[in-house]
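Read the figures in this text as sums done on the coordinates, not as results from a lab. Source: prediction; values computed, not measured. Neighbour counts are summed over all protein chains in view; Cβ atoms, including those assigned to glycine, are modelled from backbone coordinates with ideal geometry.
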């Protein structure tokens, strides 16, 4: 069966990047059809950090005000030694930060952001949302594309965007570079109701705890109702292709070095699921003909800069602008790539570097901490290039 919706832009993937792209493109007057493989539109995971560059994109999408009821605006990001508890450095997120970057720093639940984007899409008659359709192929037909789904359904459109995530099936049609690269680190995530928190927990900050080979992040989400925690460590049992590494006993052994505050948090981390960490080498080829990559399908990155969703939101706005400026989708996709690939490559490499800085051994950590000791809390020089982006 062939479906047609007045030759819309077809988007494979209904996560944050896919829905943001649908909103951005629909606001230029185009019809959009989003195909999501899951039976419902939703997000896995909990906490999400949105720096000002993401807020600029959300403002362009017309949904920035809608995240307000779900958002928490931390006062600062504080980096501490996970073993001693001592402060390493702080980034002040107050008035000077907002004056510099025009928006506050936001932390919230991933699901809440997706729900806001989903509501925006449902309110726009130019957007069709269809779950339970996994896109497995895209055929470029010169004047348009045909998207093929796992169940045999096909959809015709003007062009297609692969927003199908880290393990994108469509990436190989544009740049066949195999599987993502394992970082040998694993993350455990979970939330705790604020009413069940232990003494001494800070609810006004994002707190980063680091030690050699591990880190632990904590911050409130869902308007302050939940406390989000992420514990990450390097697994000595890593084996390519194996699934028996990064286990709960390794988690406990790695964080046994933590101070009392870290131990209290780790004791409340869920152990029924964990996430191995992956990224890819940056690429310059983001499109082929009428098919383009977006978000993690184009530039998956490690989480150390908290920029995965932020960069997907940037992609969405830039892609919509390019499609509005070019009659030929292939030319639009090339223009989109030209504006994005060097920036996202820098973010990918910088995320790797930050991970190395956080997880460095004792001698390196001593030197690192000594260098950061004199840094002012409102020194934004090192993040200007990242947070200062404007659409």
>> Give me the percent relative contact order of region 290-391, please, defined on Cα pairs under 8 angstrom at least 6 residues apart.
In response: 29
> Most mobile of 353, 251, 170 per a Gaussian network model of the chain (Cα springs, under 10 Å)?
Replying inline: 353
>> Tell me the angle of helix 16-26 to the major Cα principal axis of the chain, expressed in degrees between 0 and 90 and rounded to the nearest ten.
In response: 40
> For the chain, what does -39500 (n - 2.57) per DSSP helix run (n ≥ 4), summed and divided by total residues, give at 222 nm, in deg cm²/dmol to the nearest 500?
Replying inline: -9500 deg cm²/dmol
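Rounded if a/c is under 1.5, else prolate if a/b is larger than b/c, else oblate: which is region 344-391, with a ≥ b ≥ c the root eigenvalues of its Cα gyration tensor?
Since a/c reaches 1.5 but b/c is at least a/b, the shape of region 344-391 is classed as oblate.
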> How fast does region 304-391 diffuse by Stokes-Einstein, in µm²/s, taking the Kirkwood radius from C-alpha pairs at 10 °C and 1.306 mPa s?
Replying inline: 103
>> Compute the angle between helix 308-325 and the longest alpha-carbon principal axis of the chain, please, reported from 0 to 90 degrees and rounded to the nearest 10.
In response: 30
> Which order results if 139, 281, 134 are arranged by neighbouring Cβ count within 10 Å, fewest first?
Replying inline: 281, 139, 134
> Points 7 angstrom from Cα along the Cβ direction at residue 327 and residue 371: gap in nanometres?
Replying inline: 5.3
> Counting DSSP beta bridges with both partners in region 1-143, what percentage is antiparallel, nearest 5?
Replying inline: 55
>> Can you tell me the orientation of helix 52-61 relative to the chain, as the angle in degrees between its alpha-carbon axis and the longest Cα principal axis, to the nearest 10?
In response: 30
>> Which of the three applies to region 206-315, rounded, prolate or oblate, going by the alpha-carbon gyration tensor with a ≥ b ≥ c and a/c under 1.5 meaning rounded?
In response: oblate
> Where does the Debye-calculated log10 I(q)/I(0) of region 134-237 sit at q = 0.15 Å⁻¹, using only Cα point scatterers of equal weight, no solvent?
Replying inline: -0.80
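Quick check on the chain: of the DSSP beta bridges with both residues there, what percent are antiparallel, nearest 5%?
65
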> Taking other Cβ within 10 Å of each residue's Cβ, how do 299, 103 sort, fewest first?
Replying inline: 103, 299
>> Compute a Gaussian network model of the chain, connecting alpha carbons closer than 10 Å, and tell me which residue from 14, 308, 195 fluctuates the most.
In response: 195
>> Can you give me the Kirkwood hydrodynamic radius for the chain, using every pair of distinct Cα atoms, in Å to one decimal?
In response: 21.7
> What residue among 200, 62, 157 shows peak mean-square fluctuation when the chain is described by a Gaussian network model with Cα springs under 10 Å?
Replying inline: 200
> Rounded, prolate or oblate: which fits region 1-113, taking a ≥ b ≥ c as square roots of the Cα gyration tensor eigenvalues, rounded meaning a/c under 1.5, else prolate when a/b beats b/c?
Replying inline: prolate
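Within a 10 angstrom radius of the beta carbon, how do 175, 56, 382 rank from fewest other beta carbons to most?
Ordered by Cβ neighbours within 10 Å, fewest first: 382, 175, 56.
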